[in-house]
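**Student:** Provided herewith is a single structure, encoded as structure tokens, for subsequent inquiry.
The values are calculated or read from the model by the stated rules, or taken from the named source; none is laboratory data. This structure is a prediction, so every number in the text was calculated from the model and none was measured. Cβ placement follows ideal geometry from the backbone for every residue including glycine, while neighbour counts extend to all protein chains displayed.
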Amino acid sequence: MSDDIPNIVQNDFDIEIKKLRDQIDQIDEQILTLISKRFLEVQKVVTLKKKHNMPVFHPAREEDLISKLRSEAQQRDMDPDFIEELYRVILRNSRIHQTVEMKQQGVRVGAKVLIVGGFGQMGSYFAWFFTTSGYEVRILSENNWDKVESLCTDIDLVLISVPIHVTLETIQRIAPYLPKEALLADLTSIKTAPLNEMLKVHKGPVLGLHPLFGPTCPTLDKQIIAITQGREPEKCQWLIDQLILWGAIVVSSTAKEHDEIMDIVQALRHFATFCFGQFLSKREIGLHRTLEFSSPIYRLEMGMVGRLFAQDSSLYSEIVFATPSRRKLLKDFVLSLNEQLDMLENNDKELFVEKFNETAKWFGSFSEQALRESTFIINKLIERF
Ligand code: NAD
């Protein structure tokens, strides 16, 4: 004990702080009891959803809950962002529990699923989901085409999951073995050409799928899968129901719209990142040294750029070079940089400001949201690293 503090004062302090800490401990226990009580209630919801084959994620319910909690937090003079963050963690945790339980659930247990390319990344990922949900899963790989006839016997779903550049020929090759009633679907990252080919060679139900995520996601919770209807949607619905039951969010479009949007969402995004990474790699300055001086935004950006180069180059080359129209868009992008070159050469600050403001207008109200979301991510990054 310090000589400066009289004994009696120190004793009072010890007694008082112990009392306060005991109260906090009690509150923590109550919080744990309440969270576990909430968890038990969620279990009841899972049982009910399982019984009725309902999806895990209910976006409207979650957003309503968050809005309600935010306004309650404000009334109690608490930070609404803190309460939102706390509840997002609780809700995500409960969704993942539900998804893990529900992934066992099969919409058509016992149905026979053939995955063409089923030993590849996406093929084996989906093979695992189908298997754990009670489907009979068969795999057609490059090496067992001699068994294609028996593998296709009585098949209910054929899912094409081969590299983009061999997708069309694989669809043509399997077509003669498909029972008329079988559902033919694919996972290709482009949709127009594979969907047209599937419709051309198969007269039964056809559905195009594009999971907008890679095979490293542990659950399908809130993962987006784009779907493009081909033929006999009522006979394809069970597959869509199954994806939703596994936790995925399904977004529908025509193949044309899908491909146009993916030109931007995937090809342009990855290509611009590739160009930036390439440019940096040619500079004299060392990456690690720049990271030591990182602003949060540079650190975040480098996380995204570095991430691209940590992955499979052939996957990205397939995405970037997938179609002529895609390559045309990327060329337009590169050519558009000439405009910026002129601006720099002319030292035209005014033009920069003008272009900046024009672009800000185009982003409109999304700018606000982007600022909020990226601030959240940056803060998380600072917390962690
Ligand atoms: P991958 O290379 O990991 O797997 C493809 C598999 O197909 C390999 O096992 C290969 O041996 C097999 N294969 C090749 N030719 C074959 C043939 N003629 N017959 C049977 N099998 C054959 O590729 P992936 O990343 O799993 O991609 C598969 C599909 O999924 C592609 O259309 C891709 O666009 C799409 N996709 C991939 C991702 C991703 O992140 N990997 C995401 C969304 C969609």
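**Student:** Do we find a residue being more than 22 Å from the chain's Cα centre (by Cα) and either in contact (Cβ under 8 Å) with a residue 24 or more places away in the chain or under 25 Å from Thr167 (Cβ atoms) (or both) anywhere in segment 245-268?
**Tutor:** No, that holds for no residue.
**Student:** Could you grab me the full set of residues in segment 79-120 that are away from the ligand (no atom under 16 Å from the Cβ) and assigned to a strand (DSSP E or B)?
**Tutor:** Lys112 - this is the single residue of segment 79-120 that is away from the ligand (no atom under 16 Å from the Cβ) and assigned to a strand (DSSP E or B).
**Student:** Just checking, does segment 66-75 include any residue being touching a strand residue (DSSP E or B) at 6+ places or on another chain (Cβ under 9 Å) and of a type in the set (A, V, I, L, M, F, W, C)?
**Tutor:** So far as segment 66-75 goes, no, none of its residues is touching a strand residue (DSSP E or B) at 6+ places or on another chain (Cβ under 9 Å) and of a type in the set (A, V, I, L, M, F, W, C).
**Student:** Is there a residue in segment 207-218 that is touching an Asp or Glu at 6+ places or on another chain (Cβ under 8 Å) and either not assigned by TED's automatic domain parsing to the domain that holds Ala322 or not charged (D, E, K, R) (or both)?
**Tutor:** Yes, some residue in segment 207-218 is touching an Asp or Glu at 6+ places or on another chain (Cβ under 8 Å) and either not assigned by TED's automatic domain parsing to the domain that holds Ala322 or not charged (D, E, K, R) (or both).
**Student:** A follow-up question, please. Is there a residue being modelled with pLDDT under 95, within 13 Å of the ligand (Cβ to nearest atom), assigned to a helix (DSSP H, G or I) and not charged (D, E, K, R) anywhere in segment 175-188?
**Tutor:** No: segment 175-188 contains no residue that is modelled with pLDDT under 95, within 13 Å of the ligand (Cβ to nearest atom), assigned to a helix (DSSP H, G or I) and not charged (D, E, K, R).
**Student:** Looking at segment 189-223, which of the residues that are within 11 Å of the ligand (Cβ to nearest atom) and of a type in the set (Val, Ile, Thr) is surrounded by the most Cβ atoms within 10 Å (Cβ to Cβ)?
**Tutor:** Of everything passing the filter in segment 189-223, Ile190 is surrounded by the most Cβ atoms within 10 Å (Cβ to Cβ).
**Student:** For the list (1) within 28 Å of the chain's Cα centre (by Cα); (2) within 13 Å of the ligand (Cβ to nearest atom), I need the number of the one condition that Glu234 fails.
**Tutor:** (2)
**Student:** For segment 42-100, how many residues are polar (S, T, N, Q), crowded, with 16+ Cβ neighbours inside 10 Å and under 22 Å from Ile240 (Cα atoms)?
**Tutor:** Number satisfying all stated conditions: 2.
**Student:** Additional query: Under 6 Å by Cβ, and 6 or more places apart or on different chains, what pairs join a residue from segment 103-123 that is at positive phi with one that is polar (S, T, N, Q)?
**Tutor:** Gly117/Ser161
**Student:** Between Ser281, Ser336, Ser314, which is closer than 21 Å to Phe213 by Cβ, loosely packed, with under 14 Cβ neighbours inside 10 Å and among the hydroxyl-bearing types (Ser, Thr, Tyr)?
**Tutor:** Of the residues listed, the single one that is closer than 21 Å to Phe213 by Cβ, loosely packed, with under 14 Cβ neighbours inside 10 Å and among the hydroxyl-bearing types (Ser, Thr, Tyr) is Ser314.
**Student:** Taking Glu63 and the conditions (1) part of a loop (DSSP other than H, G, I, E, B); (2) under 25 Å from the mean Cα position of the chain (by Cα), which numbered condition does it fall short on, given that it satisfies the others?
**Tutor:** Unmet for Glu63, out of (1) part of a loop (DSSP other than H, G, I, E, B); (2) under 25 Å from the mean Cα position of the chain (by Cα): (1).
**Student:** When you scan segment 139-150, do you find a residue that is touching a Ser or Thr at 6+ places or on another chain (Cβ under 6 Å), within 9 Å of the ligand (Cβ to nearest atom) and not assigned by TED's automatic domain parsing to the domain that holds Glu62, even just one?
**Tutor:** no
**Student:** Exactly one of these conditions fails for Phe321: (1) in contact with a Phe, Trp or Tyr (Cβ under 8 Å, 6 or more places away or on another chain); (2) within 16 Å of the ligand (Cβ to nearest atom). Give me its number.
**Tutor:** (1)
**Student:** Are any of the residues in segment 160-173 within 18 Å of the chain's Cα centre (by Cα), part of a strand (DSSP E or B), in contact (Cβ under 8 Å) with a residue 24 or more places away in the chain and under 22 Å from Leu315 (Cβ atoms)?
**Tutor:** no
**Student:** Any residue that is closer than 30 Å to His52 by Cβ and out of contact with any His (no Cβ under 7 Å at 6 or more places or on another chain) - is there at least one of those in segment 192-204?
**Tutor:** Yes, that holds for at least one residue.
**Student:** May I ask you to list the residues in segment 121-133 that are away from the ligand (no atom under 16 Å from the Cβ) and either crowded, with 19+ Cβ neighbours inside 10 Å or assigned by TED's automatic domain parsing to the domain that holds Val46 (or both)?
**Tutor:** Residue satisfying the conditions is Ser133 alone.
**Student:** Right, something else. So which residues in segment 272-316 are closer than 26 Å to Leu329 by Cβ, touching a residue at least 60 places away in the same chain (Cβ under 8 Å) and more than 16 Å from the ligand (Cβ to nearest atom)?
**Tutor:** Correct list: Ala272, Leu300, Gly303.
**Student:** Name the residue, out of Glu169, Glu149, Glu142, that is of a type in the set (Asp, Glu) and over 29 Å from Thr192 (Cβ atoms).
**Tutor:** Glu149
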